[in-house]
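Laboratory data are not the source of any read-out in this text; all were calculated from the coordinates shown. Computed from a predicted model, the values in this text were never measured in an experiment. Positions of Cβ are backbone-derived with ideal geometry, glycine not excepted, and every protein chain shown enters the neighbour counts.
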Amino acid sequence: MIFVTLEHIFTHISFSIISIVITIHLITLLGHKTVELFNLSEKGMMFTFSCITGFLITRWIYSRHLPLSDLYESFMFLSWSFSIIHMFPKRQNLKNDLSVITAPSTIFTQGFATSGLLTEMHQSVILVPALQSQWLMMHVSMMLLSYAALLCGSLLSVAFLVITFRKNLGIPGKSNYLLIGSFSFLNEKRGVLQKTSFLSFINYHRYQLTQQLDHCSYRVISLGFTFLTIGILSGAVWANEVWGSYWNWDPKETWAFITWTIFAIYLHNRKNPSFRGVDSAIMASIGFLIIWICYFGVNLLGIGLHSYGSFT
């Protein structure tokens, strides 16, 4: 009973803290970027990470197996993975780019895990025979870490596309409207010069932002692809031990292979400078949808050798 109580405490505290962190990020996005707010959000993410870690350890102790046996536990582990990825970069600008993705992703996955949809999975059960293996920790943890990293990298690419196409379409932003109002009282010559200078500054800042997003996306996807490769290889060895075959073209395995192929193409084409930017971002955005099909869509169907994690 005490372990269940600890689980509830850890989940409620982490959910509350990450909600505050998201509020802080929204404030900073509105232009109030201060060192104090940034430090506060960083402490909040670390505290959230600690609480989710406490939840996983608590569940591990009383269930006597790594909490990765069903969809509820995997979502909590995925939420934990997002918080790890948030703390991965050392440079502040990379952390700022990632935090816009990792904080909402953490609260989304944890919120879904604790919702009424997965209530029946909240109780820990005995592992099915196929999962009673030393490969459980290696395979499933690597796969979930790869999903978290690839999802973050893909979302950064989506943000890159939104900013790029918004610029190409010539949609005026809030700063442009403020610009017109602030310079309307100036003489025409001076107004045009200052407006041009200000627009150049805005375009340069936007260019810098897109370059940071593209670079950060590439780094995070590279990390996720490494985890995915390790996860697939360890899963193949595990499958051979349990089912006598390294590969069975199970729906989960098939979509994992498709996911690996998409991001392998992405990383291979990144070596070509002409592919960087919009083309690579589109490929990564496609990968975002493929990941969700692989991780969540197959579970909804409840078919195949990996159906133990489904709703059914």
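Numerical summary
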item: Added length on full extension, which subtracts the Cα-Cα distance from 0.36 nm per residue, residue 209 to residue 245; result: 8.2 nm
item: Overall form of region 37-79 per C-alpha gyration tensor (a/c, 1.5; a/b vs b/c); result: oblate
item: P(r) weight above 22 Å for region 206-295, C-alpha pairs, percent; result: 34 percent
item: Burial ranking of peptide ranges 11-23, 56-68 (average Cβ count within 10 Å, highest at the top); result: 11-23, 56-68
